[in-house]
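Novice: First the structure, then my questions, so here it is.
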Amino acid sequence: MTLIRGDITEMRVDAIVNAANSSLLGGGGVDGAIHRAAGPELLAACRTLGGCPTGEAKLTPGYNLSARFVIHTVGPVWRGGAHREDELLARCYRSCFALAREHALRSLAFPSISTGAYGFPIERAAPIALREIRQALAANAPLRVTVVLFGQRDLETYQACLEAAGRRR
Ligand code: ADP
């Protein structure tokens, strides 16, 4: 797995993951950026999907993106940490990997799901994300996964978690 700082809309991969909201009808943050870069056909495709429950994921084409597909997943809104947020966040990653397997995708790029507008503390989200990615890679060797962090501090948080997990093993 690779951690980079960048804009996920520029990734040339089989699929980029969108941290969407449950309507799948567009929002701010990474969702807005993906819809702007993909063009209006993406919204038209999303309209046919009937939304998406928290923790699940749905796939569309990437349209004008360099990525062939977009996997839309809906992360949990942070409500203090005792409302199954950890479990629901883990489930997002698992749902994305299940779709990747189903569609035989070889390369995926993830944003930091739920840690923007949804308020999930990044120090708590990063170890969950990295654990789920590591487990998926162990089960699916040909897969390449990049986590694209938008800010330098976010990148440093993920890097520190990855190094800490490496030291524990
Ligand atoms: P959520 O509602 O799941 O919290 P957000 O889009 O608000 O989703 O934020 C998720 C993460 O995506 C945040 O860390 C935010 O900084 C980041 N982000 C925003 N735009 C981009 C982008 N173009 N590429 C990658 N990450 C982005």
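Novice: For the residue pair Leu25 and Ala44, what label-to-label distance in nm results when each label sits 7 Å from Cα along the Cα-to-beta-carbon direction?
Specialist: With each label point 7 Å from Cα toward Cβ, the separation is 1.8 nm.
Novice: What value, in deg cm²/dmol to 500, does the helix sum -39500 (n - 2.57) over DSSP H runs of n ≥ 4 give at 222 nm once divided by the residues of the chain? Could you put the intermediate results ahead of the total?
Specialist: Details: 5 runs with 71 residues, N = 169.
Value at 222 nm, helices only, nearest 500: -13500 deg cm²/dmol.
Novice: Using a 10 angstrom cutoff on alpha carbons, build the Gaussian network for the chain and name the most mobile of Gly116, Gly50, Gly32.
Specialist: Sorting by GNM fluctuation, first place goes to Gly50.
Novice: To test your reading of the geometry: what angle, between 0 and 90 degrees and rounded to tens, separates the Cα axis of helix 85-102 from the longest principal axis of the chain?
Specialist: 60
Novice: In bins 5 Å wide, starting from 0, what share of all Cα pairs of the chain does each bin hold, as a percent?
Specialist: Cα pair-distance distribution for the chain, in percent: 2, 9, 20, 23, 23, 15, 6, 2, 0, 0.
Novice: Helix 122-139 versus the longest principal axis of the chain: what is the Cα-based angle in degrees, 0 to 90, to the nearest 10?
Specialist: The angle comes out near 80 degrees.
Novice: Pulled fully out, how much extra length does the chain show between Arg101 and Arg144, if you take 0.36 nm times their separation in residues and subtract their Cα-Cα distance? Could the numbers behind the result be given before it?
Specialist: Numbers: separation 43, 0.36 × 43 = 15.48 nm, distance 1.23 nm.
Going from the current span to full extension adds 14.3 nm.
Novice: Spin-label point model (7 Å from Cα, Cβ direction): what's the Arg5 to Arg68 distance in nm?
Specialist: 3.2
Novice: Taking every DSSP beta bridge that has both residues in the chain, what percent is antiparallel when rounded to the nearest 5?
Specialist: Numbers: 5 of 21 bridges.
The antiparallel proportion sits near 25 percent.
Rule-based calculations on the coordinates, nothing more; no lab input. As the structure is a prediction and not an experimental result, all values here were calculated from the model. Cβ coordinates were reconstructed from backbone atoms using ideal geometry, including for glycine residues, and neighbour counts include every protein chain displayed.
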